[in-house]
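The values are calculated or read from the model by the stated rules, or taken from the named source; none is laboratory data. Being a predicted model, the structure only gives us computed values, none of them experimental. Every residue, glycine among them, receives a Cβ derived from its backbone with ideal geometry; neighbour counts consider all protein chains shown.
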Amino acid sequence: MSGPQVPPGLGAPTPSDDAAQLFDQPWCAPITSNERVYAGAVWNIRRETFDYGNGELRRDFMDHTGAVAVVAIDEQDRILVLRQYRHPVRLREWELPAGLLDVAAEPALTGAQRELAEEADLVASDWQVLVDYCTSPGGSNEIVRVYLARGLSSTDAPHERTGEEADMELRWVSLDDAHEAVLMGRVTNSITMVAVLTAMAKRTAGWAHLLPGNASWPMLEWRNASA
């Protein structure tokens, strides 16, 4: 039986220089067993056994829905950040508007638009893909797509928030100040760090290397196909 097919856009780029040779290779070891060993309220724990080298390995990992996040940037080059309590790390972290891909068949862009409205009471007219990344590939299959959202305006009505979102603090900060906070170690949320560092680099490059908001997500397609 043939293995999962690699989606277009994932894998080796056209060779041009040394930098182009740095790419993550889509490949899945032959899986011999796969079971859910814990069913949680939000995430599950999965155990897989697979052939590798001359032997067999077993790994437990978090089976994650995937997530989206939004760098909402206004005309003054400020980004919106939210301070939210995160109980597992006992921190009130500065984060971006973000959320799980937990609505069946919902496109990632639609999910990002929903999260921006629900967490920040904002809509955006211009959406682009900023970066995709794996949060903790040694123990979780979570992948995140971060969007750049511009052309911001308020929603028709504020969203009612509950739980840890009920007392979130919203603040607009310049991208430069957010960058300094990351470099100085004052902000430790991984999505915020990756997004801010990537946004700074792409702004310096004239906002190069952005994809359309509705671009395909080969990494997510590969993860789901090889699960």
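Scan region 187-218 residue by residue and report those that are out of contact with any helix residue (DSSP H, G or I) (no Cβ under 8 Å at 6 or more places or on another chain) and closer than 28 Å to Leu91 by Cβ. Show your work before the answer.
If we filter region 187-218 for residues that are out of contact with any helix residue (DSSP H, G or I) (no Cβ under 8 Å at 6 or more places or on another chain), which is where we start, we get 188-191, 194-195, 198, 201-202, 204-207, 211-212, 215-216, 218.
Once the filter is applied, which keeps residues that are out of contact with any helix residue (DSSP H, G or I) (no Cβ under 8 Å at 6 or more places or on another chain) and closer than 28 Å to Leu91 by Cβ, region 187-218 yields Thr188, Asn189, Ser190, Ile191, Val194, Ala195, Thr198, Ala201, Lys202.
Are any residues in region 41-80 among the acidic types (Asp, Glu) and on the phi < 0 side of the Ramachandran plot, and if so, which ones? Full working, then the answer.
So the first thing to find is which residues in region 41-80 are among the acidic types (Asp, Glu), and the list is 48, 51, 56, 60, 63, 74-75, 77.
Hits for region 41-80 are Glu48, Asp51, Glu56, Asp60, Asp63, Asp74, Glu75.
Restrict the check to region 137-154 and report whether at least one residue is in the same structural domain as Leu101 (by TED's automatic domain parsing), more than 19 Å from the chain's Cα centre (by Cα) and surrounded by 17 or more Cβ atoms within 10 Å (Cβ to Cβ). Even if it seems obvious, please write down each step before you answer.
Filtering region 137-154 down to residues in the same structural domain as Leu101 (by TED's automatic domain parsing) leaves 137-154.
In the following step, the residues that additionally are more than 19 Å from the chain's Cα centre (by Cα) were identified as 151-154.
Next cut, surrounded by 17 or more Cβ atoms within 10 Å (Cβ to Cβ) only: 152.
Checked against the condition, which is being in the same structural domain as Leu101 (by TED's automatic domain parsing), more than 19 Å from the chain's Cα centre (by Cα) and surrounded by 17 or more Cβ atoms within 10 Å (Cβ to Cβ), region 137-154 yields at least one hit.
Scan (1) more than 17 Å from Trp172 (Cβ to Cβ); (2) surrounded by fewer than 22 Cβ atoms within 10 Å (Cβ to Cβ); (3) in contact (Cβ under 8 Å) with a residue 12 or more places away in the chain for the single condition Ala112 breaks and write down its number.
Failed condition: (2).
List the strands (runs of 3 or more DSSP E) that sit entirely inside region 117-217 and contain at least 1 residues that are of a type in the set (Lys, Arg). If you could, list the steps in order and put the result at the bottom.
Values: elements: 122-134, 143-154, 169-174.
Result: 143-154, 169-174.
Would you confirm whether or not region 185-204 contains a residue that is under 16 Å from Val70 (Cα atoms), aliphatic (A, V, I, L, M) and free of Cβ contacts under 8 Å to residues at least 12 places away in the same chain?
yes
Conditions tested, residue by residue: (1) among the charged types (D, E, K, R); (2) farther than 17 Å from Trp43 by Cβ; (3) modelled with pLDDT of 95 or more.
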site: Asp102; (1), (2), (3): yes, no, no
site: Gly111; (1), (2), (3): no, no, yes
site: Ala117; (1), (2), (3): no, yes, yes
site: Ser125; (1), (2), (3): no, yes, yes
site: Tyr133; (1), (2), (3): no, yes, yes
site: Arg150; (1), (2), (3): yes, yes, yes
site: Glu160; (1), (2), (3): yes, yes, no
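Whether any residue in region 80-97 is assigned by TED's automatic domain parsing to the domain that holds Asn214, under 26 Å from Pro26 (Cβ atoms) and more than 14 Å from the chain's Cα centre (by Cα) is what I want to check. Steps first, answer last, please.
The initial filter retains those residues of region 80-97 that are assigned by TED's automatic domain parsing to the domain that holds Asn214, namely 80-97.
If we keep only those that are under 26 Å from Pro26 (Cβ atoms) as well, we get none.
No, because not a single residue in region 80-97 is assigned by TED's automatic domain parsing to the domain that holds Asn214, under 26 Å from Pro26 (Cβ atoms) and more than 14 Å from the chain's Cα centre (by Cα).
Answer yes or no as to whether Arg78 is in contact with a Ser or Thr (Cβ under 6 Å, 6 or more places away or on another chain), surrounded by 12 or more Cβ atoms within 10 Å (Cβ to Cβ) and charged (D, E, K, R).
Details: in contact with a Ser or Thr (Cβ under 6 Å, 6 or more places away or on another chain): yes; surrounded by 12 or more Cβ atoms within 10 Å (Cβ to Cβ): yes; charged (D, E, K, R): yes.
Spelling it out, Arg78 is indeed in contact with a Ser or Thr (Cβ under 6 Å, 6 or more places away or on another chain), surrounded by 12 or more Cβ atoms within 10 Å (Cβ to Cβ) and charged (D, E, K, R).
Please go through region 126-175 and pick out each residue that is under 22 Å from Tyr85 (Cα atoms), charged (D, E, K, R) and without any contact (Cβ under 8 Å) to a residue 12 or more places away in the chain.
Glu160
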